Each structure stands twice: as structure tokens, then as C-alpha cells.
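Values in this text are rule-based calculations from the coordinates and carry no lab data. For clarity, every value in this text was computed on a predicted model and none was experimentally measured. FYI the Cβ positions are ideal-geometry reconstructions off the backbone, even for glycines, and counts take in every protein chain you see.
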Amino acid sequence: MEELKILPNILVVDDEVNVIESFRQLLEDDYKVLTATNGEEALEKVEKENLDIVLLDIRMPGMDGIEVLRRIEEMKENVDVIMVSAVNTMKTAIEAMKLGAYDYITKPFEAEEVVVSINKALEKRRLAREVSYLRSQVAKPVKFDNIIGTSEKMRQVYEIVSEMSKNDATALISGESGTGKELIARAIHFNGTRKDKPFIPVDCASISESLLESELFGHEKGAFTDATSRKPGRFELANHGTLFLDEIGNLKLDMQGKILRALQEREIQRVGGVKTININVRIISATNIDLKKAIKEERFREDLYYRLNVVPIELPPLRERKEDIPLLVRYFLEIFNREFGKEIEEITPEAMESLVNYRWPGNVRELRNVIERLVVLTKEGIISYKRLPLDILLAASTGDSDMGEEGLLLKEAREQFEKQFIIGVLEKVNWNQTEAARVLGVHRNTLIMKIQNLGIKRV
Ligand SMILES: Nc1ncnc2c1ncn2[C@@H]1O[C@H](COP(=O)(O)OP(=O)(O)OP(=O)(O)O)[C@@H](O)[C@H]1O
Ligand SMILES: [Mg+2]
């Protein structure tokens, strides 16, 4: 009996008829091919037909591909879009990926490339249908769209990440604490050719010196007192995948030497072992210290530095890309609303301004923590600046920000401080006002006045 085959539905959108024709010839044996020659027609078909994939030309007269993509995403149809771009500009393609496109191919296209991309998308759809419940159990791949920021500096980073996902090159990510180094490392891995293989992080700063060697290279049974059984190291675990060496600047010189040897020879030996094990790992490392300076001070080996720093990726501190702050604030608001079952829709313009102008020494991680705390603590549907942590208010008022004279008035910050301080004391004395006044060293009437003026309420 002939097997009934349901062909996947593919919509080809291009204003040039001969491009459509060449796609049709390439695809019609294995897929049901629908076509559209402009954006409006494409949107109509996306709405009506039960499509799996849209091949979407970027440059079209009238509504261009990016706009069509934007609208398709808004429609929330379960369809994957592959962009077809004649202009080989990485930027447009990246913009498209950030908007939700699954992939992009460049014209003139190679048949093979098109088919591979389509099949990858179809495979992804099949998997998504089959095992959505499994998703929570596997390591969460970080896609491009988990990285927020449209500033020029971040775009440059996306360009590199995008290039890096096509090859196996070694990268060194540098940036202040909390700038997203690990996030970028994961993005490179999980968008790259090794994405189905392991991503193994090693935090060189948190693992004790004595353990690090066996963590990295593994050990044989009996190699040292605690080695009761054989254990593979992270180099081995990462084989064919990516090894992420985090905080590389914290490595001691002798470990640096051992790692360098492993990278040069592409082989390792377990501690206490004699066998050499071949390894094929991609190395991505990260540092928040200036390695050049460390080299000068003879704390870091120059030869290792050059081996690691094949492709340098520098992550800008948040204060150098302020325009991304509102995007990040909204992104984290959404995340924590969901997590804590809240519905905080807004943040007042004053509060946003304080957040934008704060210096964020802890960068995105600090911002994330602040928003998390705000979502937990805010009971209203809106976050006002009064809710902001004291250090941000104080920074804004003392000019420890780029806000200058437009900042919050010192008076407001002082009041805010006073209020929290008084509440703290009141809580300690179980809201006994006489006792609180004594602790604060003020007359009870003064305290009562302050409680009224500052709007202090027992919660
Ligand atoms: N551009 C971004 N968009 C969304 N989230 C981000 C972004 N950058 C960082 N984050 C989030 O901020 C937090 C810190 O990021 P990550 O751990 O990657 O930083 P890091 O540079 O490795 O920090 P550290 O030096 O402290 O190890 C994570 O929760 C991460 O998801
Ligand atoms: Mg990190």
C-alpha cells in the first residue's frame, strides 16, 4: 500500500518571478509550494493557509521583508520564517533573527543551503511538537532573542556571534562583571555547529586550586586520597562540544601551562593516568580582568593569551549603552511578572530615568536583581521611583550618575532615606512610637510628624 505522504507547506515570497520559479523547481518534489509576489499577499496566505515555513525575500518594493516578518510574528501563527537576502548585510539578517526569523540564506543561493535550512526548521518543528514536556529537563539553549539590546555596541557583538556560529574559532570574551559574558558564550555554542554537543562551563575562580586539575583533566582511581573511582574531566566531557573557561584571569601560572599544553597538543592525560586522550573541543574563555596588564605583571602567560584570544569579543558595560536599559527593564519586568504572578505593567518616567542614568557597577546582573526585587515588593501596577533601591536614588541625587542637575533633589533622596531608616527602627521596636523616638533621639511629637509627612504606614 502506498504510504500517504503529507508534504510540508512552504510559502515562497519574492517580487521576482524567476526567483520564485527557481525555488519552485528546487522544492516542489518534496514540499507543497505556495507563492506570493508581495507582502500583502504573503500575509493573507500566512493567515489562511496552514503553512510550515515561509521563505521571505528581504528586499521587495512596497512592504519589505522585515516589515512582513514583523507582522507575521504579531500574528502568532505557528510558522517559521527563513529570510532570503540579496544584500549580504549581516545587519539586516541579524535584525530579522532578533525579530524571530528562524534562519537566513543569501542570494544567489545554493540549492543545498536552502534545503538544509528548511529541513532544519522542519526538524525543529517536529521536535517541538513531540516533546514539549521534555524541554524543561534538558539544558536550556540560549537563543539569540534572549539577548536584549539594540545599541550599536551590542550589534557589533551580535555580528561576531553570528560569524562565530559558523566556525569553530576560539573566542575570548572580556567585560566587566555582569555584562553577559556567559550568555554570549552560550549563544555562540547553541547557535553553532556544535549545538547538539555539550557546553561545559568551568569556573576557574570558584574551583579550588588543588581540585582544578582533576576537574579539568579527570583522574584515575587512586590518583590521590579522595580518588575512589575514575572520573572524566571537563575537557573530556566537552569533547566535540565547547569548553567554557570562565574567569580565566584567576588561573595560577602552572595551571595556565597545563591548559596551554592541552590546547597545543589536542590531547590530555587524566591525573594519575598514563593514557593520552585525544580531545576536540572548542574553547571559549571569559575574563573580567585586563589580561594584557596581567601579562605585564607576569601573572598571565602571554603564549596562552594569544592562543585564547583568537577572536576577541568585548562586552560593553551597561553605562556605555544606556539606550538598552529601558529594553532590559521591560524584558526583566516581563520575566519576573510571569515568575511571581504579578501584573506590573509600567514604570514611571522618573523611575526609568533614574535607572537609565545610574552607573550600574554590576551591569545587567545588577539591573536584573533590582527589577526582580521591585517586582516582588511592588503592590501597585506601576513602579514609581520611590520604590527604587536607596543606592540608585542616592546616586541620582548626589550626581554619582550622568544625570547632572536634572537628577533627583537631594531632599527627596534624604526623605527616602529617612523614611526607610525610621521604618527600620519602628520595626525593631514593634512599632512602639515612644520607644522608637527614644532610639532615634527625637521627641515623640517629632516622630509622629515625620510618620505623617513621610507617609509611613505599618504594613
Ligand atoms: N544583553 C542581555 N540581555 C538579557 N539578559 C542579559 C544580558 N546580559 C546579561 N544578561 C543577564 O544578566 C545576568 C548576568 O549575565 P552573565 O552571567 O552572562 O554575565 P557575566 O559577564 O558572565 O558576569 P560575571 O562576570 O559576574 O560572571 C544573567 O542573568 C544574564 O542572563
Ligand atoms: Mg560569568
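Quick notes on this structure:
- The GluC sites (Glu not before Pro) of region 317-379 meeting both criteria, a DSSP state outside H, G, I, E and B (loop) and at most 16 other C-beta atoms within 10 angstrom of the site's C-beta, are Glu343, Glu345.
- Size of charge dipole - region 148-215 - debye, nearest 20, with Cβ of Lys, Arg +1 and Asp, Glu -1, no other charges: 380
- Trypsin sites (Lys or Arg not before Pro) restricted to DSSP loop in region 282-383 with at most 11 other C-beta within 10 Å: Lys379
- Members of Lys98/Lys342; Lys45/Lys124; Lys32/Lys124; Lys386/Lys457; Lys153/Lys386; Lys166/Lys292 lying beyond 24 Å, as alpha-carbon distances in this model show: Lys98/Lys342; Lys153/Lys386; Lys166/Lys292
- Taking each residue as 0.36 nm, the span from Glu21 to Thr228 lengthens on full extension beyond its C-alpha to C-alpha distance by 67.9 nm.
- Positive-end residue, the chain charge dipole about Cα centroid, Cβ charges, pick of Gln433, Pro326, Tyr358: Gln433
- A DSSP coil position with no more than 13 other Cβ atoms inside 10 Å describes the following GluC sites (Glu not before Pro) in region 20-50: Glu28.
- Judged by the ratio a/c of the largest to the smallest principal axis of the C-alpha gyration tensor, the chain counts as oblate, that ratio being 1.5 or greater while a/b is no larger than b/c.
- Proximal lysines relative to Lys275, as straight alpha-carbon distance under 21 Å, when same-chain residues fewer than 8 apart are discounted: Lys221, Lys231, Lys258
- Most to least packed among 181-194, 105-118 [average Cβ atoms within 10 Å]: 181-194, 105-118
- At R0 = 41 Å, FRET efficiency that the Cβ-Cβ distance of Glu28 and Met75 yields, to 0.05: 0.95
- Placed amide H near Phe199: partners under 5 Å, 5+ positions off or other chain: Thr242
- Remark: spin-label model distance Glu350-Lys296 equals 4.6 nm, labels positioned 7 Å along the Cα→Cβ axis.
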